[in-house]
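Report on the following structure.
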């Protein structure tokens, strides 16, 4: 009994909506314009989804920029240390270029990596 009453109510509501748009073409056109504009606002080239993707990329690039700025500051400190410290120059010459002082010998130790 209730199912039939619900169907009657749904049918009458759908009929009222259909009748409204049948006689009010301007309202139907306005509805389509609103739906189309909303679709463009969300999915268009300057829409919400594009904005969110660009914001995510911007945050990633800002983090990368901060990392590069920190690297640059560290390199400036290292350059300053090299320019002012003879010990730093000697350390780099020994480690990187294998240089020795007069009378020193370099001993190479072979490590067996099979064990």
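The values are calculated or read from the model by the stated rules, or taken from the named source; none is laboratory data. Please read all numbers here as calculations on a predicted model, not as lab measurements. No Cβ is skipped: glycine too gets one built from the backbone with ideal geometry, and neighbour counts run over all protein chains shown.
State yes or no: is residue 40 within 26 Å of the chain's Cα centre (by Cα) and surrounded by 10 or more Cβ atoms within 10 Å (Cβ to Cβ)? Against the criterion (within 26 Å of the chain's Cα centre (by Cα) and surrounded by 10 or more Cβ atoms within 10 Å (Cβ to Cβ)), residue 40 qualifies.
Kindly provide the set of residues from region 1-21 that are in contact with a helix residue (DSSP H, G or I) (Cβ under 9 Å, 6 or more places away or on another chain) and modelled with pLDDT under 80, ordered by number.
First, pick out the residues of region 1-21 that are in contact with a helix residue (DSSP H, G or I) (Cβ under 9 Å, 6 or more places away or on another chain): 20-21.
Across region 1-21, the qualifying residue is only 21.
Every residue, every condition in (1) touching a strand residue (DSSP E or B) at 6+ places or on another chain (Cβ under 6 Å); (2) in the same structural domain as residue 96 (by TED's automatic domain parsing); (3) loosely packed, with under 11 Cβ neighbours inside 10 Å, yes or no:
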residue	(1), (2), (3)
12	no, no, yes
16	no, no, yes
19	no, no, yes
24	no, no, no
33	no, no, yes
50	no, no, no
66	no, yes, yes
69	no, yes, yes
82	no, yes, no
